[in-house]
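The values are calculated or read from the model by the stated rules, or taken from the named source; none is laboratory data. Everything quoted here is computed from the prediction, not taken from an experiment. When we count neighbours, we look across all protein chains shown, and the Cβ atoms used for this are built from the backbone with ideal geometry, even at glycine. When the accessible area is computed, the model is the full protein with side chains, heavy atoms only, and any ligands, DNA or RNA have been set aside. Shrake-Rupley method; radii C 1.70, N 1.55, O 1.52, S 1.80 Å.
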Amino acid sequence: MELQETVMAALATVDDPEMGENLVDLGVVGGVHIDGTSVAVTLIPTSATCPMADVMVDDALAAVQRACPPGTTVDVQMDWDTAWSPARLAPALRERFGW
């Protein structure tokens, strides 16, 4: 499995503390950038005042660190400038939530 897939699989194990759905299906993963042994993950909060943003970052960081090979540097940040929308949801979640 390539590192990109490994990172996305790790992020899919992390649930948003309020929504109870994983970060990938919720569409909050804004991007994963890999440069050698460095991984940078950007998350997009579902609201501009997301009260659980720090928890999401910490949980995502821990999951990606566990999944990556030893010596990999991992950074996870919130992108407060990009607006999340229901269009980012996985199709099954969009249908279940009625969007």
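Accessible surface computed residue by residue for the stretch 31-99, with neighbouring protein chains in place and a 1.4 Å probe, gives 60 Å² per residue. In sequence order, the stretch 5-10 has phi-based couplings of 5, 4, 5, 5, 5, 5 Hz under the Karplus curve 6.51 cos²θ - 1.76 cosθ + 1.60, θ = phi - 60°, and Gly or Pro positions carry x.
Within the listed set ASP35, ASP16, ASP75, the residue fluctuating most in the Gaussian network model of the chain (springs between alpha-carbon atoms under 10 angstrom) is ASP35. Placing +1 on the Cβ of every Lys and Arg and -1 on the Cβ of every Asp and Glu, with no other charges, gives the chain a dipole of roughly 180 debye about its Cα centre.
Using Cα springs under 10 Å in a Gaussian network model of the chain, which residue among ASP58, ASP79, ASP25 shows the largest mean-square fluctuation? Answer for the Gaussian network model of the chain: ASP58. In this structure, MET52 and LEU3 have a Cβ-Cβ separation that, at R0 = 30 Å, corresponds to a calculated FRET efficiency of about 0.65. Shape of the stretch 6-49 from its Cα gyration tensor (a ≥ b ≥ c, root eigenvalues): rounded if a/c is under 1.5, otherwise prolate when a/b > b/c, or oblate? Cα axes put the stretch 6-49 in the oblate bin. Residues whose amide H falls under 5 Å from that of GLY27, counting only those 5 or more places apart or on a different chain, are ALA90, with hydrogens built in the peptide plane. Under 5 Å between amide hydrogens, built in the peptide plane, is the criterion, and for VAL76 it picks out VAL41 among residues at least 5 positions away or on other chains. A straight chain from ASP81 to ARG96 at 0.36 nm per residue would run longer than the Cα-Cα distance by 2.7 nm.
Surface composition of the stretch 29-99: carbon plus sulfur atoms hold 52% of the accessible area, using a 1.4 angstrom probe and ignoring ligands, DNA and RNA. Taking every DSSP beta bridge that has both ends in the chain, the antiparallel portion is near 55%. Can you give the calculated 222 nm mean residue ellipticity of the chain, where each DSSP H run of n ≥ 4 adds -39,500 (n - 2.57) and the sum is split over every residue, rounded to the nearest 500 deg cm²/dmol? Rounded to the nearest 500, it is -10000 deg cm²/dmol.
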